[in-house]
Amino acid sequence: MICSYDNAISVKYVNKKNQRSIWVIQKNIEDEEKWALKKEELEKKIRKNKSKPCMNDIAKVKSLSIWVFIIPFTAVNICLFITTNLHFLIDQPYRLFNTFPYLDGGTSISRTARYFPNYLIFKPAMFFTSYLLIKYWLYNKKIIKFFDENHKHIKRFVFFGIASAVMLILHSIFLGVTFDIGIYKLFRRLVMLLFIVFEVVAQTYLVLTLYSLKDKLLKYINPNILKCKIFLVSVLIIVAIVSIPIVTMPGNKFIKHALEWDYFVGVIGFYLLTFFMWKNKN
C-alpha cells in the first residue's frame, strides 16, 4: 500500500516536472518567435528608413524636371507670341507675321528673344532654368550613388550636365549684346553649340546609367518611359550628326530655324519624360 502511494507520488511529481518542462519549452518558443518577429520588423524599418533619402531625392528630381520643361518652353513661346501677335509691344523691325517656326522656320529662337520686352522674359527664365538644371544633375548623382556608389558614368553626366547649364547662362548673358567683332560672333555660336553638345552628352550618359541599373530601379521607375528616353536621346544624336552639313553650309536659313525650334523641344522633352519615368513617392 505504501509502495503504491509512493509510486503515485512519483508519477505525479514526474508529470508536474514534465509539464513544467513543456511550459518552459513553449515559453522559449514563443519568446523566439516574438524576437524573430521583432527582428523582422526592425529590419523592415531599417530598410524603409534607408530608402527614405532616395525617395526624397526622386521626388525632388520629379519636381525639378517638370519645371525644367515648363519654364523654357513657356518663355520661348511667349516671346514668339509677342513677336507675331502683340505688335504694339515691340518696335517695327522686330515684328513678324503669319509664321509658325516649328514648321516653316520663319525665325530663330534668339531672334524672338533678343529685344525689348522679350528679353525681360527670356533671360530670367533661362537663368532660373540653368539653376534648376544644376540641381537636377546633382540630385541625379545622389540617386545613382544610392544604387551604385562607384558607377563609372556618375562623374561624366554630372560634369556635362552642369557644363551645359553654364553654357546656357553665358548664352543668356550675351544674347542681344552686339559687337561688330568676328571673334565675338564666333564665341556666341560656340557657346550655343557647346550647350547643345554638353546637354545631349549628359542625357546620353544618364540614360545609359539608368539602363544599366534597370533591375535595381524596377520598383522606382516606369521602364517603358525609360525606353522612350533612350529613343529620344538616340534621335537627338542622329539628328545632330545628320544636320552637320546643313548647319555648316551657307543658306538653308528656314531649315536651320525649323531645326532649331524642333531640336529645342526634343532637348527639354527629355525632362518631361523624366517627370513621368519616376514613380510617385507613395
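The values are calculated or read from the model by the stated rules, or taken from the named source; none is laboratory data. As the structure is a prediction and not an experimental result, all values here were calculated from the model. Backbone-built Cβ (ideal geometry, glycine too); neighbour counts: all protein chains shown.
Laid out as a table, the results:
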item	result
Any hit, segment 202-219, residues being closer than 21 Å to residue 161 by Cα, part of a helix (DSSP H, G or I), among the aromatic types (Phe, Trp, Tyr) and touching a residue at least 12 places away in the same chain (Cβ under 8 Å)	yes
Yes/no for residue 199 being of a type in the set (Asp, Glu), assigned to a helix (DSSP H, G or I) and under 18 Å from the mean Cα position of the chain (by Cα)	yes
Helices (runs of 4 or more DSSP H) contained entirely in segment 81-189, each with at least 3 residues that are surrounded by fewer than 19 Cβ atoms within 10 Å (Cβ to Cβ)	101-104, 119-147, 154-174
Residue match in segment 60-71 (condition: in contact with a Gly (Cβ under 6 Å, 6 or more places away or on another chain) and either crowded, with 20+ Cβ neighbours inside 10 Å or touching a residue at least 12 places away in the same chain (Cβ under 8 Å) (or both))	no
Residue selected from segment 234-282 under the condition aromatic (Phe, Trp, Tyr) and farther than 21 Å from residue 221 by Cβ, by the criterion surrounded by the most Cβ atoms within 10 Å (Cβ to Cβ)	261
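Yes/no matrix, rows are residues, columns are (1) closer than 25 Å to residue 67 by Cβ; (2) modelled with pLDDT under 95; (3) among the small types (Gly, Ala, Ser):
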site	(1), (2), (3)
184	no, yes, no
192	yes, yes, no
205	yes, no, no
214	no, yes, no
243	no, yes, yes
282	yes, yes, no
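Matching residues to (1) at pLDDT below 95; (2) in contact with a Leu (Cβ under 8 Å, 6 or more places away or on another chain); (3) β-branched (Val, Ile, Thr):
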{"site": "60", "(1), (2), (3)": "no, no, no"}
{"site": "65", "(1), (2), (3)": "no, yes, no"}
{"site": "68", "(1), (2), (3)": "no, yes, yes"}
{"site": "78", "(1), (2), (3)": "no, no, yes"}
{"site": "94", "(1), (2), (3)": "yes, no, no"}
{"site": "101", "(1), (2), (3)": "no, yes, no"}
{"site": "106", "(1), (2), (3)": "yes, yes, no"}
